[in-house]
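Structure record follows, encoded as structure tokens.
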Amino acid sequence: MTMPTNPPASARDNKNPFVREGHADKPGIIGSHWWNQELADASKLKSRRQTIVALVAGAGVVAAAYAAIVLGQDDTYEQTRRSLDLQRDFGWSFGATSETVAFDALYTTTYAREALARLVAELTPRNGALQPWFMPTLFQAPEALPRLPLSSPDSPAPTVLAAALRPIHTPSMILAEAAGAALADLLAAAGNGVALVVDLDGPDSVALAAGLADRFEPVFLFDNWPHPKGVVPAHLTLAAAVYHQPRFAQAASARSPNAPPVFVLDRKRLAPYSDEAEQFDNRWLAKIPAPEDLVKLEIKRVLYVVPSQTAPIELRDVSGHLAGWARSGAEVRAIALDAFGPAEDGKVRFGGSVAAHEGFFGHYPWRSPAPPPVPVPKNDQAAAWRPREIPQDPSDLRVGFTVVDVDRDTGAIVGPHAFRSGSYNRSSGGWGG
Amino acid sequence: MEKSIFALELCLRFDPTLSAALTPLLQKPGERRSPGEMWTLWSQAARHLLFRKNAWVSGCWDFWDDTLKANRMYPDWIGSLLREDGARATPSGGNEPYRSGADRFMTVTMACLLIRGSDSERKMAYVCEIPESRLWHASTFQRVLEGVPSINFAVVPRATLYMIPRDEGWALTAEDMRGPKFEYLRPIL
């Protein structure tokens, strides 16, 4: 085997025309995808010339067909790309840079923007055993800048999300936080080995985790970025996290280092997606621990918190793991957030009364002796639920992907494929990559 | 610009030394590279793969001197990187190939477009001129990998190189390899 020790002379230049347009550096995969800007620029000119040639030669059938490809498809072909990668490369508002996200002014509060720099650090689990599951993705969004430059002077320059971000604190968040505190008090009597999976609308999930934070270590699993046309209103989840950031930081410093986890999900992660011309697919699939990981974390009981007992209790992307947890010996139960309400003592309690609250372990026999259960009609079906595997929807393979138009010759992304007049589409034409 | 595509994917028994050798190359910081740096990266990766020929399990490679095909096939080759759909979503557990006998695997994928008619493209066309009966022989993969250092990246419009997994605990299992995500890989003869 002969191996040259030096690259060919023509490759030994000191220019750096290769631009990294995709990169993964995760436990499961590492690598990069590069494009040669120098060749792309050169071929762009050639491409236009070829287009003209094709037009002139368009009398024949073959030439006409070629023109249909080159011109009818705008000299591009479609390519499916991970939405999050597009946002990381070209900005959070990819394809809609003239738009932004909005917050209901009634529930926004002030905050110190400089605290955003600490958001990832302060929301990262302190317990090293839980860190592999933490997803910093959403919390990286506010100050992120595009990795690749905007080459089209016609496209508005993307602004950072932080400029639009406002913390929110809504009535449902207030109730969720109080319910979280009530649950934390209840589960303190259940002993070790209890974990929670909170699967509410993003802001409520964050608020419930804030209520639990004195006793349970939040492990946020939000794996998307907000987008002006996002299917998932991730900006609200982020705004709720920013609101509760001081609470999480304070609780982390006071909590036991071995506190059990609360895995925090956004139930809107699989929101219906039907109109690619009006929506950006920022949906995502939950990545919760596998059954063997649950065993390693010494978790024996899991409480799955859902908004209400209306079917389906569990979303399809977590159903397999929840069922697997049960098969591996964990006791997996569900509880409905709307089973919590103000009791006669003014506190938010399970079942909305002191008696129902005290009968909690009658429904969830994790304390011995278990008290007699007090009926809680809003939670009957949730308490009776047991995990079962829901068949995956084949369309889930497409969750979180966006079809883009790619310049046939240069390989540069022209913009989202879906066309509708307005800024969402080719306003970002000319993006490199 | 007329293009050809060259691509190769190798599945090997998980080798922590290969992972340790390739990871720093793939982690090298910076958003830009020179053709020389790309050549070094690819050549070193090819050399590491050649040194571990006895760990090869299965693989797949392509060379097409057809622009339309190249443009259509290239996204397929980088699909696993873009969608991370070949990578495990959860750890597979520790790799103990010398003790437990639990097989763990890894894949290394390289794909690039080449300007058709360039010296590099013609050299790879020659290297990849293989009779159909020998397409999946180890000697063929060796020949193709040995041809990689002849690629001059000044004539490469796009290139990708990635490894699954990065960390030992996320190595692919035999069940993963039997799944639909890797069904295109052929046993190496």
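Treating cross-link reach as a plain straight distance, find the aspartates and glutamates whose alpha-carbon is under 13 Å from the alpha-carbon of A:Lys300, omitting any fewer than eight places away in the same chain. By straight Cα distance, A:Lys300 reaches A:Glu292, A:Glu331.
Neighbouring Cβ atoms from other chains, within 10 Å of the Cβ of residues in B:162-174, number 4 on average. Here segment B:50-91 is treated as a Stokes sphere of Kirkwood radius computed over C-alpha pairs; at 37 °C and 0.692 mPa s its diffusion coefficient rounds to 255 µm²/s. When 1/r is averaged over all different Cα pairs and the result inverted, which Kirkwood radius in Å belongs to the protein assembly as shown? Value: 26.5 Å, from the Cα pair sum.
Secondary structure note: in the protein assembly as shown, about 75% of the DSSP beta bridges are antiparallel. With no solvent and one point on each alpha carbon, what is the Debye value of log10 I(q)/I(0) for segment B:1-154 at q = 0.10, 0.13, 0.18 Å⁻¹? Results for segment B:1-154 at q = 0.10, 0.13, 0.18 Å⁻¹ read -0.38, -0.65, -1.23.
Could you sort the peptides B:118-124, A:193-199, A:394-400, B:166-172 by per-residue average Cβ neighbour count (10 Å cutoff), highest mean leading? Don't skip to the end; give the middle numbers.
Numbers: B:118-124: 19.0, A:193-199: 24.6, A:394-400: 13.4, B:166-172: 22.1.
Result, highest mean first: A:193-199, B:166-172, B:118-124, A:394-400.
Computed from the C-beta positions of B:Arg143 and A:Ala144, the FRET efficiency with R₀ = 51 Å rounds to 0.70. Apolar share of the accessible surface for segment A:125-283: 53 percent from carbon plus sulfur atoms, 1.4 Å probe. Accessible area per residue was computed with a 1.4 Å probe on protein heavy atoms; A:Ser353 scores about 30 Å².
Only one residue of A:Gly128, A:Ala105, A:Ala141 has its Cα farthest out toward the positive end of the dipole of segment A:71-145, where Lys and Arg carry +1 and Asp and Glu -1 on Cβ, and that residue is A:Gly128. Per the accessible-area calculation with a 1.4 Å probe, the total area buried between chain B and chain A rounds to 4900 Å².
Computed about its Cα centre, the charge dipole of segment A:179-289 is approximately 280 debye, with only Lys, Arg, Asp and Glu carrying charge at their Cβ. Averaged over its residues, the protein assembly as shown has an accessible area of 41 Å² per residue, based on protein heavy atoms and a 1.4 Å probe. Taking the protein heavy atoms of segment B:1-96 in the context of the full set of protein chains, the accessible area attributed to carbon and sulfur is 52 percent at 1.4 Å.
Determine the alpha carbon to alpha carbon distance for each of A:Lys229/B:Lys69; A:Lys268/A:Lys347; A:Lys268/A:Lys378 and list only those over 30 Å. Long pairs (Cα-Cα over 30 Å): A:Lys229/B:Lys69.
Pick out, in residue order, every one of the GluC sites (Glu not before Pro) in segment A:246-353 that is DSSP loop and has at most 13 other C-beta atoms within 10 Å; say none if there are none.
On the way: sites: A:Glu276, A:Glu278, A:Glu292, A:Glu298, A:Glu314, A:Glu331, A:Glu344; in loops: A:Glu276, A:Glu278, A:Glu298, A:Glu314, A:Glu344.
Here the sparse-neighbourhood loop sites are A:Glu278, A:Glu298, A:Glu344.
For segment A:246-367, the Stokes-Einstein estimate of translational diffusion at 25 °C and a viscosity of 0.890 mPa s comes to 143 µm²/s, using the Kirkwood hydrodynamic radius over alpha-carbon pairs.
A dipole drawn for chain B from +1 and -1 charges on Cβ atoms has a positive end, and of B:Ile78, B:Ile115, B:Leu50 the residue lying farthest that way is B:Leu50. Comparing the full protein assembly with the isolated chain, the residues of segment B:19-68 losing at least 50 square angstrom of accessible surface (1.4 Å probe) are B:Leu26, B:Glu31, B:Arg32, B:Arg33, B:Pro35, B:Trp39.
Extending 7 Å from the Cα toward the beta-carbon at both A:Lys26 and A:Thr110 defines two label points whose distance is 4.0 nm. Of the residues A:Leu39, A:Val403, A:Phe248, the one whose Cα sits farthest towards the positive end of the charge dipole of the protein assembly as shown is A:Leu39 (charges of +1 on Lys and Arg Cβ, -1 on Asp and Glu Cβ, taken about the Cα centre).
Just to confirm a number: summing +1 for Lys and Arg and -1 for Asp and Glu over residues other than A:Pro167 whose beta-carbon lies under 13 angstrom from that of A:Pro167, what do you get?
Details: positive: A:Arg113, A:Arg166, A:Arg247; negative: A:Asp104.
So the surrounding residues net to +2.
Each of A:His227, A:His321 has its accessible area taken with a 1.4 Å probe; listed largest first, they run A:His321, A:His227. Remark: mean inter-chain Cβ contacts per residue of A:165-174 equal 0, using a 10 Å Cβ-Cβ cutoff to other protein chain atoms.
The values are calculated or read from the model by the stated rules, or taken from the named source; none is laboratory data. Fair warning: this is a prediction, and the values are worked out from it, not measured in the lab. We place every Cβ from the backbone using ideal geometry, glycine too, and count neighbours over all the protein chains shown. The protein model used for the area step is the full one, side chains on, heavy atoms only, and it has no ligands, DNA or RNA in it. Shrake-Rupley method; radii C 1.70, N 1.55, O 1.52, S 1.80 Å.
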